[in-house]
Amino acid sequence: MSGILKLIIIAAHYSVYIVAALNIWIFSRRSEFFTSVVKLRSLPLIYWGFACFPIAASYEIAEHMGDNWFYVSQISSLNRLFYTFINAGMCLIALGLKKSRLSDILLIASLVAVPLTYGIQDSKGIIQLVLLVPTVIFVSHWYVVMRDWRVFLYVLFSNIITLGLGIALIVTGYQVLHIFVGLSSAVALLILGLVAWEQPRRRSDQ
């Protein structure tokens, strides 16, 4: 792998830090609107949720430092922490957006289930199924609260495109695809930030 390609891959992974910080700033900037008009359940939970995504990226970066930034699908303690904090981010934000007894129970249960089911039978298949539950709740809460169809693009970029690129990367070995694996996650979070930023204007137009 060339030095330039490696630097671009590294930058793509660190883009999650920038987008997460931007999203926290957006909710902070619009805090009065979200607490008085939208009446979110808890802004601090949303802040902590977005903070979990760069923490997850940190564990992925730490693992890549050991494999020289080559994409390898493997079972490891660092990868377990990556999935744990991705899930924690979704759960905390979903809890912060909207109160629902059933959703609360399922989200809290997933916080325990994700690290426990990771690596069963040396596979990520079970954990991927478990993650579907908080993902569906996460997106549905965003849609109910924000009333913006674009939140569904989060699933497209964070799950479908990222998974597809990861599979293509494993099959072909073309490390240039690794750039877009990292960027697609950042784009997914950026879409959520855009939806949140535009909420005051959208509500005033309704």
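What follows is calculated from the coordinates using simple rules that are stated; it is not laboratory data. Please read all numbers here as calculations on a predicted model, not as lab measurements. Neighbour counts are summed over all protein chains in view; Cβ atoms, including those assigned to glycine, are modelled from backbone coordinates with ideal geometry.
Summary of the geometry: region 136-206 and region 97-112, compared by the centres of their Cα atoms, lie 21 Å apart. Find out how many positive minus negative residues lie around Leu107, taking Lys and Arg as positive, Asp and Glu as negative, among other residues whose Cβ is under 15 Å from that of Leu107. Neighbourhood net charge equals +3.
Applying 1/(1 + (r/R0)^6) with R0 = 22 Å to the Cβ-Cβ distance of Phe33 and Phe152, what FRET efficiency is obtained, to the nearest 0.05? E between Phe33 and Phe152, to the nearest 0.05, is 0.45.
Packing here is the average count of other Cβ atoms within 10 Å per residue, and on that basis the peptides 99-106, 15-22, highest first, run 15-22, 99-106.
Between Asp67 and Leu116, the FRET efficiency from the beta-carbon distance, with R0 = 30 Å, is close to 0.75. Measuring between their Cα centroids, region 1-61 and region 76-93 lie 14 Å from each other. The angle between the Cα long axis of helix 3-29 and the longest principal axis of the Cα atoms of the chain comes to about 10 degrees, rounded to the nearest 10. Annotation: lysines with alpha-carbon distance below 29 angstrom to Lys6 (same-chain offsets under eight excluded): Lys124. In degrees, nearest 10, range 0 to 90: what is the angle between the Cα axis of helix 43-67 and the longest Cα principal axis of the chain? Helix 43-67 sits at roughly 10 degrees to that axis. Oblate is the label for region 1-134. Its Cα gyration tensor axes, ordered a ≥ b ≥ c, give a/c of at least 1.5 and b/c at or above a/b. Report note on the peptides 129-135, 66-72, 183-189: ranked by the mean count of other C-beta atoms within 10 Å, highest first, their order is 183-189, 129-135, 66-72.
If you take all other residues with their beta carbon under 14 Å from the beta carbon of His13, and give Lys and Arg +1 and Asp and Glu -1, the sum is -2. Quick check: net charge around Trp149, other residues with Cβ under 14 Å of its Cβ, Lys/Arg +1 and Asp/Glu -1? Result for the local shell: +1.
Here the simple spin-label model places points 7 Å from the Cα toward Cβ, and for Ile10 and Leu163 these points are separated by 3.2 nm. Karplus-derived 3J(HN,Hα) values for region 117-127, using 6.51 cos²θ - 1.76 cosθ + 1.60 with θ = phi - 60°, are 8, 5, x, 4, 6, 6, 9, 9, x, 5, 5 Hz; glycine and proline are entered as x. Output the 0 to 90 degree angle, nearest 10, between the alpha-carbon long axis of helix 177-197 and the longest principal axis computed from the alpha carbons of the chain. Long axis of 177-197 versus the principal axis of the chain: about 10 degrees.
Helical runs assigned H by DSSP (4 residues or longer) give the chain a calculated mean residue ellipticity at 222 nm of -25500 deg cm²/dmol, each run adding -39500 (n - 2.57) before division by the residue total.
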